[in-house]
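These notes are about the structure you will find just below.
The values are calculated or read from the model by the stated rules, or taken from the named source; none is laboratory data. Predicted model, so just to flag it, every value in this text is computed and none were measured. Please note: Cβ atoms are built from the backbone with ideal geometry, for glycine as well, and neighbour counts cover all protein chains shown.
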Amino acid sequence: MEAETAPAPHVLVVDDEPIILRLILVNLRLEGFDAVGCSSGEDALRQAADRTPDVVVLDVVLPGIDGFEVCRRLRLAPETADVPVVMVTAQAQDEDRERGYALGVFEYVTKPFEPPALIRIVRAALESRAR
């Protein structure tokens, strides 16, 4: 009898820049994650409600509702209240970081970023949730 393998961690990636979205998705998938993407805050909330992610990688600047509001709403929903959120954004001002951390963001990564570093942060976010 074969040992059952755990399902790949489900990562929701939200970025309105197609090149960045694809870069993150490809790197996560190469590392064995079940990564899905979308390009708006509204779509992110719908996808998170349909299938609770293990981690959310979230841009701040999005069409419609921004990443801060997406994070706030994720924290309000019981199903996603404890899902780690990694902000990946060009919004690098101290007040942006403080706002993110006040919303419970696991880590705040500024663009441009190194994909291997982002993968390490996503893994650390998963481990923090497992504790």
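Can you tell me which residue is surrounded by the most Cβ atoms within 10 Å (Cβ to Cβ) among those in the stretch 105-131 that are touching a strand residue (DSSP E or B) at 6+ places or on another chain (Cβ under 7 Å) and outside any helix (DSSP H, G or I)?
Residue satisfying both the conditions and the ranking: Val105.
Tally the residues that are free of Cβ contacts under 8 Å to residues at least 24 places away in the same chain and part of a helix (DSSP H, G or I), restricting the search to the stretch 87-104.
Number of matching residues: 6.
Does Val11 satisfy the criteria of being β-branched (Val, Ile, Thr) and free of Cβ contacts under 8 Å to residues at least 24 places away in the same chain?
Considered against the rule, which asks whether it is β-branched (Val, Ile, Thr) and free of Cβ contacts under 8 Å to residues at least 24 places away in the same chain, Val11 comes out as no.
Here's the yes/no breakdown for (1) polar (S, T, N, Q); (2) modelled with pLDDT of 95 or more:
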| residue | (1), (2) |
| --- | --- |
| Ala3 | no, no |
| Pro7 | no, no |
| Val11 | no, yes |
| Asp15 | no, yes |
| Leu21 | no, yes |
| Ile24 | no, yes |
| Arg29 | no, yes |
| Val36 | no, yes |
| Ser40 | yes, yes |
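Regarding Asp59, is this residue under 22 Å from Phe113 (Cα atoms), surrounded by fewer than 23 Cβ atoms within 10 Å (Cβ to Cβ) and of a type in the set (Asp, Glu)?
So Asp59 does not fit the description; no.
Please go through the stretch 82-95 and give me each residue that is closer than 15 Å to Arg72 by Cβ and surrounded by fewer than 18 Cβ atoms within 10 Å (Cβ to Cβ), ordered by number.
Asp82
Could you please find all residues in the stretch 38-79 being out of contact with any strand residue (DSSP E or B) (no Cβ under 9 Å at 6 or more places or on another chain) and basic (Lys, Arg)?
Arg72, Arg73, listed by residue number.
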